[in-house]
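To start, the structure itself, in structure tokens.
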Amino acid sequence: METAKRSWVKAVLWNLIGFASMCIVGLIMTGSVAVGGAMALINTALGFACYVAYERVWARIAWGRGENSHG
């Protein structure tokens, strides 16, 4: 079972990786640290919220978990 705490930790770590990569992409694409950073921050915030919601929904779905699942 995926706990809420585990989902949050996974989301934070994944989004730190995503933030770093988006900062680099934003800088390359715009040539501006400020614009690239703002793009990365917005993308990270949206991605974080979506990831946590997605993980929590799937944590409640029994399908595919083994003997308690039906399918």
Q. Could you say whether any residue in the range 26-35 is on the phi > 0 side of the Ramachandran plot and surrounded by fewer than 17 Cβ atoms within 10 Å (Cβ to Cβ)?
A. yes
Q: Assess whether Val57 counts as being under 15 Å from the mean Cα position of the chain (by Cα) and open to solvent by 50 Å² or more (accessible area, probe 1.4 Å).
A: yes
**Q.** Test for Ile42: is it open to solvent by 80 Å² or more (accessible area, probe 1.4 Å) and among the aliphatic types (A, V, I, L, M)
**A.** yes
(Q) Can you go through Met29, Met22 and tell me which one is in contact with a Ser or Thr (Cβ under 7 Å, 6 or more places away or on another chain) and in a helix (DSSP H, G or I)? (A) Met22
Q. Can you pull out the residues in the range 1-20 that are open to solvent by less than 60 Å² (accessible area, probe 1.4 Å) and not acidic (Asp, Glu)?
A. Ala4, Ser7, Ala11, Asn15, Gly18, Ala20
Q.
Checking the condition outside any helix (DSSP H, G or I) and among the aliphatic types (A, V, I, L, M), which residue from Ala62, Ala38, Ala11, Ala34 passes?
A. Ala62
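The values are calculated or read from the model by the stated rules, or taken from the named source; none is laboratory data. Just so it is clear, the model here is predicted, and its values are computed rather than measured. As a convention, Cβ positions derive from the backbone with ideal geometry for all residues, glycine included, and neighbour counts pool all protein chains shown. Side chains included, ligands, DNA and RNA excluded: accessible areas come from the protein's heavy atoms. Shrake-Rupley method; radii C 1.70, N 1.55, O 1.52, S 1.80 Å.
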